[in-house]
Amino acid sequence: MRPQSFYLLTAIFMFFYMTFVPVIEAYSVGVDLDMNAGACRIWIEDSNNNRIAGDGKGDYHACDGTAGSNFQEIDFSDQEYYVVAKVHFSAREQKVRGSFNENTCFRIHGNSAKFYFDQYDCDS
């Protein structure tokens, strides 16, 4: 095979690949960390209850802005998902929101005894 043929075939392959292969999409979840005090963990689950992104088991962090940030953003691949929040030392059950197929935003607020996990419009 001559070099010109190789370059031509490579160019044709690249053209078809860039034109017909779909772009990989991704979703993003933004969470305002607005608790009075306490630690939390927030993660993303797929439709089979498998964790696909976010904080792992036992990976609690400050959710009151004392860790230098009052916002957490979680990016993950394009699929149906649920958002789960759990507060450390809380007697309340974890909060599950979803299912979603788009970017979403949430606010976690309250304290360890009574916390809230509310969705809000990301554009506001």
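Read-outs: derived from the displayed coordinates by stated rules, not from any lab. Values in this document were obtained by computation on a predicted structure and should not be read as measured data. As a convention, Cβ positions derive from the backbone with ideal geometry for all residues, glycine included, and neighbour counts pool all protein chains shown.
What the table below lists for this structure:
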{"read-out": "Calculated FRET value between TYR116 and ALA67, using beta carbons and R₀ = 30 Å, to 0.05", "value": "0.90"}
{"read-out": "The chain - percent relative contact order, Cα under 8 Å, separation 6 or more", "value": "28 percent"}
{"read-out": "Given 15 as the ceiling on other Cβ atoms within 10 Å, longest exposed-site-free region of the chain for trypsin sites (Lys or Arg not before Pro) in DSSP loops", "value": "1-56"}
{"read-out": "Which label in (1) 40; (2) 47; (3) 51 gives the computed percent of Cα pairs over 20 Å apart", "value": "(3)"}
{"read-out": "Extended-chain gain in nm, criterion 0.36 nm per residue less alpha-carbon gap, GLU102 and ASP34", "value": "22.2 nm"}
{"read-out": "19 Å cut-off, amide nitrogen to a point 7 angstrom out along GLU25 Cα→Cβ, residues in region 86-124", "value": "98-105, 122-123"}
{"read-out": "DSSP-assigned coil residues among chymotrypsin sites (Phe, Trp or Tyr not before Pro) in region 69-110, each with at most 15 further Cβ atoms within 10 Å", "value": "PHE89"}
